[in-house]
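Visitor: Okay, here's the structure, questions in a sec.
The values are calculated or read from the model by the stated rules, or taken from the named source; none is laboratory data. This structure is a prediction, so every number in the text was calculated from the model and none was measured. Glycine gets a Cβ as well: all are built from the backbone with ideal geometry, and neighbour counts include every protein chain shown. Quick note on the areas: whole protein, heavy atoms, side chains included, nothing else; ligands and nucleic acids left out. Shrake-Rupley method; radii C 1.70, N 1.55, O 1.52, S 1.80 Å.
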2 protein chains.
Amino acid sequence: MAERESQIVLGLDPDPGALWPPHGVAKEGGAAEVSRPAERAATAVLAHCRAVIDATAQAVVAVKLQLARFELLGAPGWAALAAVAAHARSLGLLVIADGKRGDIDVSAGAYAAALLGGADSPFGRLDGLGADLVTVNPLMGVDALAPFVAAARASGAGVLVLVRTSNPGAADVEDLNVEGGGAVWERIAVIVDRLGAAGVGAAGLSDVGAVVGATEPGHLARARELMPCATFLLPGVGAQGGRVEDLAAAFAPGRAGGLVTASRSIAGAYLASGGTPEGAARAEAERLRESAWEISGEGVDRRPLAL
Amino acid sequence: MAERESQIVLGLDPDPGALWPPHGVAKEGGAAEVSRPAERAATAVLAHCRAVIDATAQAVVAVKLQLARFELLGAPGWAALAAVAAHARSLGLLVIADGKRGDIDVSAGAYAAALLGGADSPFGRLDGLGADLVTVNPLMGVDALAPFVAAARASGAGVLVLVRTSNPGAADVEDLNVEGGGAVWERIAVIVDRLGAAGVGAAGLSDVGAVVGATEPGHLARARELMPCATFLLPGVGAQGGRVEDLAAAFAPGRAGGLVTASRSIAGAYLASGGTPEGAARAEAERLRESAWEISGEGVDRRPLAL
């Protein structure tokens, strides 16, 4: 982050109906196959993700891959996901697997192996996606989170726990007030802080972070109070209405305390601003980078930046 | 369920280290490929799942596929998942995609299309997995559930919302007491009941059901009170310690009100009882079928069975 002076995460959420560059939809091959539409879509999705990454790589520190879009493409989608992650890594970017998985211990362990460092098997080593960070859902409690934390520590990665999400429905469950004080999301924040205590590095940041929506900046200061060492992933800027200018509280532990993620507002910037998709995406990513870097410099605590 | 006199769901949670029939691990092909271990594992997982299904199909009404195990095998895993689902359907079994997905609206829609009925795209129709039921995570609220309900209604399928899970960590968040009364899981139960109101069929059961762990039978009666029309998926029997004999409350709306799911206790029955894996799995599935059918006949309400 220090080297690139950026806290921006490029969200890749590829809608098969809104891809660029042009992908030759009409071109048909020889024999008809059941899987052909998914294979063609996966090829176009991979080309799109590579193009958006290439356009914005200088302004961002990470890519966030929305697993739902790849899952819709079945086996070819999973292959495209791995290829997108490899391309991002080749440009020095971190990879965030945004799958929001959560399950009982043995299944959480399988998800963690799939998205992080893989697992041994009688068939040989099963490769994981090799993500640097993975989003997880805490509804099922600590024993559903612990396998992700363990797998992340074993592979030098980190975990981002959903704490207070950016969607309107976050109010339905996450905002319920609990007897004895605090909302459900604040209780989850306490779990995050405790799980992360053993993983705090030299810069004061932990390997267990939190997803805190940028759409409700009023929650950010309280979230920071409850999770002083957590890196915050801040979704909701752009298409969902959040503004970089409202995120200063996230950066209280230092400039590495917040990752600002934007998806449709970068890949679809040309729809609003005109110009080429590549140029508009680059300009929007750079605009976000500059805003966030400036805001993050106003934090009250200036500990060193190194993770 | 009436035809087979069964409410048993065969959970398929294939551990690559505990597969049967014997799968020839040592057999090596020609050229070495990066993906070979995952491909070999996926081939063995598919053979295992087919064998367990074939052994137990007469005693069960559905298979529940734990998506984490297939995700760990990458693209070959996703292909194996689709093949297992097709095999189960060919024997007249329902397919439950146990992915516990949950995300903002546009992503929830993509997951729903992936696991249920697919989606149109500029590349042609993208096939979904074609599941009959899909498990979903309600932490992010109603707008994260609604796309699953809409997709399920469009394809004649159903949704099973995590309400009170079977793992010990369920106490951490789901059991928090909310100001004004009730635990978090009871508030989620109210959401399930409301979402399902528009999908209640002639037998009094809705297309929005609930996952209620069999490990805490004390919660079942309360869950049934809050969700009178929901089909309950009841995990936790066997390896997690739950007992069929404690599940009578689930069947209050009729024998179709509960689906009893068991995974490791069926596929691994031979480890405890001896005999062949196939024979032991068949015997354990039949034992569970008989117990559940008997218990479910003791319910207080005997509405017709047809869904």
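Visitor: What percentages, rounded to whole numbers, describe P(r) for the range A:147-217 computed over all alpha carbon pairs with 5 Å bin width beginning at zero?
Guide: Cα pair-distance distribution for the range A:147-217, in percent: 4, 16, 23, 21, 16, 13, 7, 1.
Visitor: Taking R0 as 51 Å, what FRET efficiency do you get between residue B:221 and residue B:86 from their Cβ-Cβ distance, rounded to the nearest 0.05?
Guide: Approximately 0.85, to the nearest 0.05.
Visitor: Considering only protein heavy atoms and a probe of 1.4 Å, how much of the accessible area of the protein assembly as shown is carbon and sulfur, as a whole percent?
Guide: Working: 11850 of 21830 Å².
Carbon and sulfur together cover 54 percent of it.
Visitor: Can you list, shortest first in nanometers, how far residue B:228 lies from the same residue in the other copies, with each label 7 Å from Cα toward Cβ?
Guide: List, nearest first: 5.2 nm.
Visitor: Measuring from a point 7 Å out along Cα→Cβ, what nm distances, shortest first, does residue A:181 have to its partners in the other copies?
Guide: 2.6
Visitor: Which peptide among B:52-63, B:106-117 comes first, and what is the full order, when sorted by highest mean count of other Cβ atoms within 10 Å?
Guide: B:106-117, B:52-63
Visitor: Still on this structure, I have one more. Could you provide, to the nearest whole Å², the per residue accessible area of the protein assembly as shown with probe 1.4 Å?
Guide: That works out to 36 Å² for each residue.
Visitor: Among the listed pairs A:100/B:64; A:64/A:100; A:64/B:100, give every one whose C-alpha distance is greater than 18 Å. All intermediate terms of the calculation are to be shown ahead of the outcome.
Guide: Values: A:100/B:64 20 Å; A:64/A:100 12 Å; A:64/B:100 20 Å.
Pairs exceeding the cut-off: A:100/B:64; A:64/B:100.
Visitor: What longest region of chain B stays clear of trypsin sites (Lys or Arg not before Pro) that DSSP places outside H, G, I, E and B and that have at most 15 other Cβ atoms within 10 Å?
Guide: Longest run free of exposed loop sites: B:126-242.
Visitor: If amide hydrogens are placed 1.01 Å from N in the peptide plane, which non-local residues have theirs closer than 5 Å to the one on residue B:11?
Guide: So residue B:11 has HN proximity to B:64, B:262, B:263.
Visitor: Still on this model: What total accessible area, in Å², is buried where chains B and A meet, using a 1.4 Å probe and rounding to the nearest 100?
Guide: About 5900 Å² of accessible surface is lost on pairing.
Visitor: Let me check I have the definition right: for the protein assembly as shown, take the eigenvalues of the Cα gyration tensor, multiply each by 5, take square roots. What are those semi-axes in whole Å, largest first?
Guide: 39, 29, 23
Visitor: Sticking with this one: Could you pull out every residue, at least 5 positions away or on a different chain, whose amide H is within less than 5 Å of the one on residue A:101? Hs are placed 1.01 Å off N in the peptide plane, and Pro or chain starts have none.
Guide: Those lying under 5 Å, H to H, from residue A:101 are A:137.
Visitor: Can you list the distances in nanometres, one decimal and ascending, from the residue B:120 label point to the identical position in each other copy, with the point 7 Å along Cα to Cβ?
Guide: The projected label point of residue B:120 is separated from its counterparts by 5.2 nm.
Visitor: Please check the range B:103-123 for residues whose accessible area, probe 1.4 Å, is lower by 50 Å² or more when all protein chains are in place than in their chain alone.
Guide: Checking the loss per residue gives B:104, B:106, B:110, B:111, B:122, B:123.
Visitor: For residue B:50 and residue B:294 in one chain, what is 0.36 nm times their gap in residues minus the Cα-Cα distance, to one decimal in nm? The partial results should precede the final answer.
Guide: Details: separation 244, 0.36 × 244 = 87.84 nm, distance 2.82 nm.
Gain on stretching residue B:50 to residue B:294: 85.0 nm.
Visitor: Now for a different question. Using a Förster distance of 30 angstrom, determine the FRET efficiency expected from the C-beta separation of residue A:4 and residue B:105, and round it to 0.05. Before the final figure, lay out each step's value.
Guide: On the way: r = 32 Å, r/R0 = 1.06.
Calculated value: 0.40.
Visitor: Shape verdict for chain B, please, from the Cα gyration tensor: rounded (a/c under 1.5), prolate (a/b greater than b/c) or oblate. Can you show the working numbers first?
Guide: Working: a/c = 1.72, a/b = 1.26, b/c = 1.36.
Note, shape of chain B comes out oblate.
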